[in-house]
Amino acid sequence: MKSLAELKAIKEKAQAQMTARENNDDGIRVLVGMATCGIAAGARPILNKFVDEIAKRNIHNVKVTQTGCIGICQYEPVVEVVVPGQEKVTYVKMTEDKIDRIITEHIVNGKPVTEFTIGSYKD
Amino acid sequence: MYRSQVLICGGTGCTSSSSEKIINAMQVAIDNAGLNEEVKVVKTGCFGLCALGPIVIVYPEGCFYSRVTPEDAEEIVNEHLLKGRIVKRLIYDETIDNANDTIKSLNETPFYKSQKRIALRNCGVINPENIDEYIANDGYAALGKALTEMTPAEVIQTVLDSGLRGRGGAGFPTGLKWKFAAGNDADQKYVCCNADEGDPGAFMDRSILEGDPHALIEAMAIAGYAIGANQGYIYVRAEYPIAVNRLKIALKQAREYGLLGKNIFDTGFDFDLDVRLGAGAFVCGEETALMTSIEGKRGEPRPRPPFPAVKGLFGKPTILNNVETYANIAQIILNGAEWFASMGTEKSKGTKVFALGGNIKHTGLVEVPMGTTLRQIVEEIGGGIPSGKKFKAAQTGGPSGGCIPASLMDVEIDYDNLLAIGSMMGSGGLIVMDEDTCMVDIAKFFLEFTVDESCGKCTPCRVGTRRMLELLTKITDGKADMEDLEKLEALCDYIKENSLCGLGQTAPNPVISTLRYFRDEYIAHIQDKKCPAGACKNLLNFSVVKDSCFGCGMCARSCPADAIFVTDYVAPGKKKPAYEIDTAKCIKCGACIGTCKFNAIIKK
């Protein structure tokens with residue numbers, strides 16, 4: 001160890017691996033439906049992509065977790081984004097390419113991507 | 001990137017209830033479910049709530065699973081990790097928010113709410129075998145700050161201003177110790193750590209070594225810089241195999257990163273550490289005996305002065321601090337003396353770790369600000385006394401300490417208050433006793449310990465403690481008279497005044513303090529030949545209340561000594577003849593009381 005900068009580099013790298021352990025209950029929550037219906041419809045890659053993308057962008061204060069079936073199995077994979085103090089937003093028929101916009105527009109900038117939500121969904 | 005991390009306690013408590021097997025079972029189940037790239041298993045140190053171990057915490061949800069068995073691993077993986085369904089039956093009940101049917105954060109439970117974790121801040125939170133996780137939580141930043149931004153004098157001044165006092169028991173100001181050692185010019189100085197932890201019931205040092213070994217290494221390097229030493233020794237008992245192992249791993253990693261060794265942070269400062277194993281003698285927790293033992297000699301104390309800061313290890317100026325003391329140092333350097341001094345009481349700053357044991361619901365480790373009352377620790381954090389029994393006393397300070405009776409439960413705990421009420425802080429063992437505990441018996445227990453552990457170098461301790469134990473045995477056997485009590489008190493004073501080291505000087509404390517608050521119990525043993533708590537077997541007689549006996553015979557079948565026989569007497573309203581106990585044959589084991597459904601057997 002030759003400098004503080006070297007120590008800082010190790011610190012930042014290690015911290016990124018440990019964000020899952022942060023104990024913040026007041027942050028944004030991303031809930032991915034992972035009941036049998038969700039898993040069958042492909043929820044696991046969605047969950048993992050959320051985790052990876054959020055880590056890649058170094059966004060803190062966001063907790064990505066699983067949740068059970070909320071009863072709209074025909075719309076799986078379902079992802080709910082809960083921003084404290086606001087009504088939760090439910091995204092349906094999720095695909096990996098939708099994730100990017102949800103993170104940039106909703107999680108970072110606070111504007112839900114209305115066209116992906118359950119309210120705008122049409123068969 | 002792992003979406004979920006499963007923290008499993010690998011401290012001594014949970015390991016002894018097979019947490020190692022849980023770790024393996026969890027990993028196998030995760031592999032079988034194909035989650036090995038999504039979920040990471042982390043072995044941590046002790047999280048403190050040992051009563052509920054083995055403990056598994058699943059993040060990001062922060063679910064606190066308690067009393068987990070290896071068989072539960074598969075369910076946790078298949079339900080929680082795969083489908084996001086929390087396994088409710090294993091959740092620690094106080095983290096369930098019944099109103100909303102959600103999980104509360106652990107910090108909101110009574111056990112953790114009033115705690116302030118500084119020395120234990122990383123325990124149970126990081127993987128102690130991975131230096132990167134320590135660095136992620138500001139590890140080694142204090143060493144970097146001290147070496148690059150502060151002079152040794154500034155480091156010492158910061159520690160002095162913080163008001164940190166030795167956590168090993170005596171409470172000597174740490175900064176002052178460092179200042180003395182820094183002021184003595186010598187070609188070689190040493191930094192030592194006392195990780196001998198000999199008090200029965202205390203295990204905070206072990207927990208820090210197991211859960212956060214780098215905190216100790218970093219602090220000792222800072223101390224080396226402050227006093228001008230380039231070599232340190234950690235004296236740890238060989239009975240702590242997990243702690244020793246993690247410490248060695250940590251030392252290796254610190255050397256690989258160049259945080260120990262030559263030219264640390266390119267400042268020209270060299271420092272290295274070695275581990276010395278102790279054989280577990282209590283006297284080796286005394287500083288001069290400890291250093292004699294590190295030198296490879298028989299662990300016996302020597303008179304002071306000269307103090308170690310002048311002439312210590314190998315005759316060179318040495319500082320010796322306890323593990324918990326060191327665990328505070330990095331935080332003090334990072335956050336400043338004022339931050340630390342803002343916590344605690346006027347003369348005792350910061351926090352103190354207590355090892356809760358005995359008759360208490362939440363056995364485990366707690367860290368609270370100095371000045372917290374005993375009532376708060378026992379009733380609020382500790383969850384009170386199980387099975388509705390009454391609190392009688394708490395023992396602090398181990399064999400050198402004393403008992404605090406129920407009437408003093410609201411005293412704010414700090415070094416000076418404890419001394420004033422006849423106990424002492426000691427290393428922080430806190431043994432809670434309920435109404436069934438006999439105070440004479442407790443004093444005898446601690447005396448047995450000191451008699452065993454006396455090194456034998458000085459007569460007052462070697463012979464005196466043995467005579468005290470004989471007198472106590474006489475009292476608990478019901479064979480003593482009031483003159484023996486006077487002799488006992490005189491011996492207490494004599495041993496206290498004349499022993500060579502702290503072991504002997506404090507050995508009478510358990511007797512002195514129980515005599516102070518529970519003299520009537522001693523007198524009951526001596527004059528009435530009775531043990532009020534019903535604990536001293538030689539003063540007890542078991543008997544059957546014949547009018548309550550239904551004659552079922554359960555007691556007679558359970559008696560290992562065949563001391564219970566059937567009589568001719570049939571109590572009014574009963575159909576079978578009552579039983580009776582032959583007191584000559586009775587070995588007072590109490591087995592019969594446990595089997596009687598009618599409470600017809602009494603001891604008094």
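The values are calculated or read from the model by the stated rules, or taken from the named source; none is laboratory data. For clarity, every value in this text was computed on a predicted model and none was experimentally measured. We place every Cβ from the backbone using ideal geometry, glycine too, and count neighbours over all the protein chains shown.
For the reader, a short list of remarks on this structure follows.
- In the set B:Lys21, B:Lys40, only one residue is of a type in the set (Lys, Arg) and either in contact with a helix residue (DSSP H, G or I) (Cβ under 8 Å, 6 or more places away or on another chain) or within 19 Å of B:Leu90 (Cα to Cα) (or both); that residue is B:Lys21.
- Looking at A:Thr90, A:Thr36, A:Thr67, just one residue is at the interface with another protein chain (Cβ under 8 Å from one of its Cβ atoms), farther than 30 Å from B:Asn122 by Cβ and crowded, with 19+ Cβ neighbours inside 10 Å, and that residue is A:Thr67.
- Residue that is farthest from B:Lys496 (Cα to Cα) [pool: residues in the range B:513-552 that are buried (at least 19 other Cβ atoms within 10 Å of the Cβ) and under 26 Å from the mean Cα position of the chain (by Cα)]: B:Ala533
- Exactly one residue out of B:Ile91, B:Ile126, B:Ile86 is in contact with a strand residue (DSSP E or B) (Cβ under 7 Å, 6 or more places away or on another chain), within 30 Å of A:Ile39 (Cβ to Cβ) and either modelled with pLDDT of 95 or more or within 14 Å of chain A (Cβ to nearest Cβ) (or both), and it is B:Ile86.
- Within the option set A:Val30, A:Val51, being facing chain B (nearest Cβ under 8 Å), buried (at least 20 other Cβ atoms within 10 Å of the Cβ), out of contact with any Cys (no Cβ under 8 Å at 6 or more places or on another chain) and of a type outside the set (Phe, Trp, Tyr) holds for one residue only, A:Val51.
- Residue match in the range B:321-337 (condition: closer than 15 Å to B:Ile118 by Cα, surrounded by fewer than 18 Cβ atoms within 10 Å (Cβ to Cβ) and hydroxyl-bearing (Ser, Thr, Tyr)): no
- Residue in the range B:196-209 that is of a type in the set (D, E, K, R), in contact with a helix residue (DSSP H, G or I) (Cβ under 9 Å, 6 or more places away or on another chain) and either at pLDDT 95 or above or assigned to a helix (DSSP H, G or I) (or both) present: yes
- Strands (runs of 3 or more DSSP E) enclosed by the range B:496-604 - at least 3 residues per element that are out of contact with any Ser or Thr (no Cβ under 8 Å at 6 or more places or on another chain): B:564-566
- Any hit, the range B:27-40, residues being more than 14 Å from chain A (Cβ to nearest Cβ), within 29 Å of the chain's Cα centre (by Cα), more than 16 Å from A:Leu47 (Cα to Cα) and surrounded by fewer than 24 Cβ atoms within 10 Å (Cβ to Cβ): no
- Test: A:Lys98 is without any contact (Cβ under 8 Å) to a residue 24 or more places away in the chain, more than 25 Å from B:Ile135 (Cα to Cα), touching a helix residue (DSSP H, G or I) at 6+ places or on another chain (Cβ under 6 Å) and assigned to a helix (DSSP H, G or I): yes
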